[in-house]
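Visitor: Below you'll find the structure I mean.
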Amino acid sequence: MNNNANSGGFTPAELRKMRGLKTPYGVQRLLDAMPYHLADTAWSPRRVLRENASHCYEGALFAAAALRVMGYPPLILDLEAERDTDHVIAVFRNRSDGHWGALAKSNYTGCRYREPVYRSLRELALSYFDVYHNLLGERTLRAFSRPVDLRRFDPLGWMTTEKPVWFVAEYLLTISHYPLITPAQAKRLHRLDGRSFRAGCLERAEK
C-alpha cells in the first residue's frame with residue numbers, strides 16, 4: 001500500500017479523522033450522522049468532511065476516499081433508474097472472503113449500507129431493487145454500472161479540490177450499464193404498499 005498516494009493531499013488532521021473511522025461500517029456511521037442536503041453541488045471529500053453534510057453523489061465520493069485511506073481501492077458504482085434519479089454507491093470487498101458490500105448516503109432509508117455478503121456486484125445491486133422507489137411508489141431501479149476506480153481521477157485532485165467534481169458524474173454517464181430486469185418484468189411491477197413507502201421515506205429531507 002502506498003500511503004502517500006492514498007493520503008491524496010489530505011492534511012494530517014483530515015487523515016486522523018478518516019482513519020479514526022477504522023472500518024467501512026465506521027464510514028457509514030459518519031455518513032448516516034451527516035445531514036442530507038439538497039443543494040445542486042459536487043463537493044470533494046475534503047469539502048464534505050469540512051461541511052459535515054452531503055447528498056448521494058458526494059457521500060459516495062467521500063466513502064470511496066475514506067476507504068482508500070484505510071487501504072481499500074476507491075471504487076464507486078452507479079445504479080441507474082427509470083423515472084427517478086440515479087444513485088451512486090461506494091463498493092468494497094471483504095478482506096477475508098472477497099464478498100462485496102456497499103456504503104451510501106441516501107434520502108431514502110433502504111438505499112444505504114450493505115454488509116459485505118454479496119458474491120457478485122449484480123447480486124449487490126439487486127439488493128437495492130425493492131427499496132429503490134420514487135415518490136409515486138414505483139420501483140425504479142433498472143441497471144448498474146461496472147465499478148469505477150477513482151484513482152483514474154487523481155490528476156484532477158478529486159479528493160481534495162475546492163472545485164466541483166462533476167467530472168466523475170459525467171464519466172458515469174459514458175460507461176456501460178448492465179440491466180437488472182427485462183422490459184417485460186418492468187411492465188409487471190407493482191407499486192410499494194403504503195407502509196413500505198412510508199418506511200422508505202422516514203426522516204426524508206425535503207425542500
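Laboratory data are not the source of any read-out in this text; all were calculated from the coordinates shown. As the structure is a prediction and not an experimental result, all values here were calculated from the model. Reconstructed Cβ throughout: ideal geometry from the backbone, glycine too, with neighbour counts over all protein chains shown.
Visitor: Can you give me the C-alpha center-to-center distance between the stretch 1-75 and the stretch 181-207, rounded to a whole angstrom?
Guide: Centre-to-centre (Cα) distance: 29 Å.
Visitor: Exposure proxy check: Tyr118, Tyr25 ranked by fewest other beta carbons within 10 Å?
Guide: Ordered from fewest to most neighbouring Cβ atoms within 10 Å, Tyr118, Tyr25 come out as Tyr25, Tyr118.
Visitor: Give me the extension gain from Ala169 to Leu135: residue separation times 0.36 nm, minus the current Cα-Cα distance, reported in nm with one decimal. Please list the in-between numbers first.
Guide: Working: separation 34, 0.36 × 34 = 12.24 nm, distance 2.33 nm.
This chain segment gains 9.9 nm when fully extended.
Visitor: Between Ser96 and Ser120, what's the calculated FRET efficiency when r is the beta-carbon distance and R0 is 30 Å? Round to 0.05.
Guide: With R0 = 30 Å, the Cβ-Cβ based efficiency is 0.95.
Visitor: Give a residue-ordered list of calculated ³J(HN,Hα) values for the stretch 121-127 (Karplus: 6.51 cos²θ - 1.76 cosθ + 1.60, θ = phi - 60°; whole Hz; x for Gly, Pro).
Guide: 5, 5, 4, 4, 4, 5, 5
Visitor: Rounded to the nearest 500, what is the chain's calculated 222 nm mean residue ellipticity when only DSSP H runs of at least 4 contribute -39500 (n - 2.57) each, over all residues? Before the final figure, lay out the partial values.
Guide: Values: 9 runs with 69 residues, N = 207.
-9000 deg cm²/dmol, from helical runs alone.
Visitor: Moving to a separate point now. Give, as a single signed number, the net charge of other residues whose beta carbon lies under 9 Å from the beta carbon of Glu82, with Lys and Arg counted +1 and Asp and Glu -1. Walk me through the numbers before you get to the answer.
Guide: On the way: positive: Arg83, Arg142; negative: Glu80, Asp84, Glu138.
Taking every other residue near Glu82 into account, the sum is -1.
Visitor: Mind checking the dipole of the stretch 1-80: about its Cα centre, +1 per Lys or Arg Cβ, -1 per Asp or Glu Cβ, Debye to the nearest 20?
Guide: Computed charge dipole of the stretch 1-80: roughly 520 debye.
Visitor: In whole Å and largest first, what semi-axes does the C-alpha gyration tensor of the stretch 26-111 yield when each eigenvalue is scaled by 5 and square-rooted?
Guide: Equivalent-ellipsoid dimensions as semi-axes: 20, 16, 11 Å.
Visitor: Another question, if that's okay. Along each principal axis of its Cα atoms, how long is the stretch 83-175 end to end? Whole angstroms, biggest number first, please.
Guide: The Cα atoms of the stretch 83-175 stretch 39, 38, 22 Å along the principal axes, largest first.
Visitor: Could you compute Rg(Cα) / (2.2 N^0.38 Å) for the chain, with N its residue count? Could you put the intermediate results ahead of the total?
Guide: Details: Rg = 16.6 Å, N = 207, 2.2 N^0.38 = 16.7 Å.
The value comes to 1.00.
Visitor: What net charge is computed for the residues neighbouring Leu49, neighbours being all others with C-beta under 14 Å from the C-beta of Leu49, Lys and Arg scored +1, Asp and Glu -1?
Guide: So the environment of Leu49 carries a net charge of +4.
Visitor: Return the aspartates and glutamates within reach of Lys187: Cα separation strictly under 14 angstrom, same-chain partners fewer than 8 residues apart disregarded; answer none if there are no such residues.
Guide: Within the straight-line cut-off, Lys187 pairs with Glu82, Glu138.
Visitor: For the chain, give the share of DSSP beta bridges that are antiparallel, in percent and rounded to the nearest 5; count only bridges with both residues there. Kindly include the intermediate steps, with their values, before the conclusion.
Guide: Details: 20 of 21 bridges.
Expressed as a percentage, antiparallel bridges in the chain total about 95.
Visitor: Still on this structure, I have one more. By the scheme Lys and Arg +1, Asp and Glu -1, what is the net charge of all other residues having a beta-carbon under 14 Å from that of Arg146?
Guide: Charge balance in the 14 Å sphere: -1.
Visitor: To the nearest 20 Debye, how big is the dipole of the chain about its Cα centre, given +1 on the beta carbon of each Lys and Arg and -1 on that of each Asp and Glu?
Guide: Here the size comes out at about 420 debye.
Visitor: How much length is gained on full extension from Thr109 to Asp40, taking 0.36 nm per residue of separation minus their Cα-Cα distance?
Guide: Details: separation 69, 0.36 × 69 = 24.84 nm, distance 2.09 nm.
Value of the extension gain: 22.8 nm.
Visitor: Continuing with the same structure: Using a Gaussian network for the chain with springs between C-alpha atoms less than 10 Å apart, which of these wobbles most: Ala39, Ala90, Ala66?
Guide: Ala39
Visitor: Something else: Skipping prolines and chain starts, which residues have an amide H placed within reach, meaning under 5 Å, of the one on Tyr113, given they are 5 or more residues away or on another chain?
Guide: Those qualifying (amide H under 5 Å, at least 5 residues apart or on another chain) are Ala104.
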